[in-house]
Amino acid sequence: MDYAAIVREARRLRDEVVRLRRRIHSYPELAFEERRTGRLAAGYLKALGLKVRSGIAKTGVVGLLDIGAKQTIGLRADMDALPVTEQTGLPFASRIPGRMHACGHDAHVAMLLATARLLCRHRNELRSNVKFIFQPSEETPPGGAAPMIRAGALERPHVDAMFGMHCDSSLPTGKIGIKHGVAMANADNVNITVIGRGGHAARPHESVDAIATAGAIVSILQTIVSRNINPVEPTVITLGTVRGGTKSNIICDRVEMQGTMRSVTLSTRRKLPALVARVARGVANSMGAEADVQVFRGYPLLKNHAAAVRQIVSLSHKLFGNSSVVFLEHPVMGAEDFAYYLRKAQGAFIRLGTANPRKKSIYPWHHPKFNVDEDALPVGVALFAALALGHPDETA
Ligand code: NI
């Protein structure tokens, strides 16, 4: 199958992929609740005649296009939506109050299903088996990828190369964004509890003010990035919540804060919890309070494999022309559980441009007006299909 034919067939599947995307978009489901979406995917794959396993890691689905090859290529879509109230006004907007596909995972599922249809028509031209992996819960760590892998999603047959794709409203529709090496950050969460001693607001000398202590911790925490980490290495510490106190005339005895720590190397990932704990406890102690620090490990950094990046670039040029690829200069400090697949198989994570000002598909991920330009969907299908029609040796 030549490259022009792949693009042509993907374009012919446009109505199909749009129909699927809109159907999924109307019924968004949160992490590990993707039963309806999982059923849709499993039913669609079965109708194509694929071997299907469902209920993996609760709602995950794996379809296998088995041509009896020695090698297998895996393609992944995430299925979960977000607790966002949709404000797009689209005719196929969410019908579930407070739930929205505000990250484009509806498009990911639709593209992967349409890719399965395209590849089934061309199974004679495949050189590898293809696994279609639909996972729950990308948005909520510890996520769906790790339990899918533990449940054997990458075995029987073993997956040699793995690709995932994410819509990106910062790239024009149809552009393929790719990053060499580290593409996304390590992300671990931290809870800090400041424990003081309550009392009357007018008698601070008899109390230990947890709010004043927390304020000092909030400021000094930012010196970790500026003073303790190599300045050429992107690192983020953000506190997302600070909660404490009940009334203006009461000295607060307890403040709870939640934050996230982002880094792009393993050594910094290892260092950050101890640095945060040292600041929180040290500052608290200096003010007569105490701090309890708990760290929750999130997703590891996502590192694209060099040969897989080369393959994506070369295929994109052949499919869509030489100006189709945007090389991303910096990693994104967000995190993605696709990282776990890339620890088990060669591969890469691709960004698919969906920004089109005329269609207002320019809002960032998780925004209540987030939307995907559907003209991008056949582009994603063509690239997925071309990757599957390749050979894992080209990725290794
Ligand atoms: Ni997402």
Note to self: Could you compute the net charge surrounding residue 298? Neighbours are other residues with a C-beta less than 11 Å from the C-beta of residue 298; K and R count +1, D and E count -1.
What the structure shows: 0
Next item on the list: Of the options 237, 287, 207, report the single residue whose Cα projects farthest towards the positive end of the charge dipole of the range 186-296 (beta-carbon charges: Lys, Arg +1; Asp, Glu -1).
Entry: 237
Item checked: Cross-link pairs beyond the 24 Å C-alpha cut-off, checked among 58/344; 175/303; 58/369; 58/359 -> 58/369; 58/359
Item checked: Sites residue 367 and residue 238, calculated FRET efficiency, Cβ-Cβ separation with R0 22 Å, nearest 0.05 -> 0.75
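For the range 253-396, calculate the relative contact order in percent as a whole number, restricting contacts to Cα pairs under 8 Å that are 6 or more residues apart.
Relative CO of the range 253-396 lands at 23 percent.
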Check: Given the Cα-Cα distance of residue 191 and residue 211 and 0.36 nm per residue of separation, how much length would full extension add, in nm?
Finding: 5.6 nm
Item checked: Sequence-distant lysines (8 or more away, or on other chains) whose Cα lies within less than 20 Å of residue 51 -> 70, 131
Note to self: Nearest 500 deg cm²/dmol is fine: what mean residue ellipticity at 222 nm does the chain get from its DSSP H runs of n ≥ 4 alone, each adding -39,500 (n - 2.57), divided by its residue count?
What the structure shows: -10000 deg cm²/dmol
Checklist line | Residue-span extension gain [residue 122 to residue 95] - 0.36 nm each, minus C-alpha spacing | finding: 6.1 nm
Next item on the list: Sort out for me the Cα centre separation of the range 238-311 from the range 106-183, rounded to whole Å.
Entry: 31 Å
Next item on the list: Please list 229-242, 345-358 highest first by mean number of surrounding beta-carbon atoms within 10 Å per residue.
Entry: 345-358, 229-242
Checklist line | Backbone N within the range 161-193 under 20 Å of label point (7 Å from residue 327 Cα along the Cβ vector) | finding: 171-172, 175-184
Notebook entry, point to check: Counting only complete DSSP H runs, which helices of the chain cover 24 Å or more along their long axis at the Cα atoms and score a mean Kyte-Doolittle of 0.0 or above?
Noted result: 105-121, 266-286
Check: Highest GNM mean-square fluctuation, the chain, Cα pairs closer than 10 Å: which of 19, 127, 203?
Finding: 203
Checklist line | Estimated dipole of the chain in Debye, rounded to 20 [Cβ of Lys and Arg +1, of Asp and Glu -1, Cα centre] | finding: 640 debye
Checklist line | Cut-off under 5 Å, modelled amide H: who pairs with residue 362 long-range | finding: 356, 371
Checklist line | Surface share of carbon and sulfur [accessible, 1.4 angstrom probe, percent] for the chain | finding: 51 percent
Next item on the list: Return the long-range amide H neighbours of residue 304 (sequence gap of 5 or more, or a different chain), with a cut-off of under 5 Å between placed amide H atoms.
Entry: 181, 182, 183
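The values are calculated or read from the model by the stated rules, or taken from the named source; none is laboratory data. This is a predicted model, so every value here is computed, not measured. Cβ atoms come from the backbone with ideal geometry, glycine included; neighbour counts cover every protein chain shown. Side chains are part of the model used for accessible areas, which takes the heavy atoms of the whole protein and leaves out ligands, DNA and RNA. Shrake-Rupley method; radii C 1.70, N 1.55, O 1.52, S 1.80 Å.
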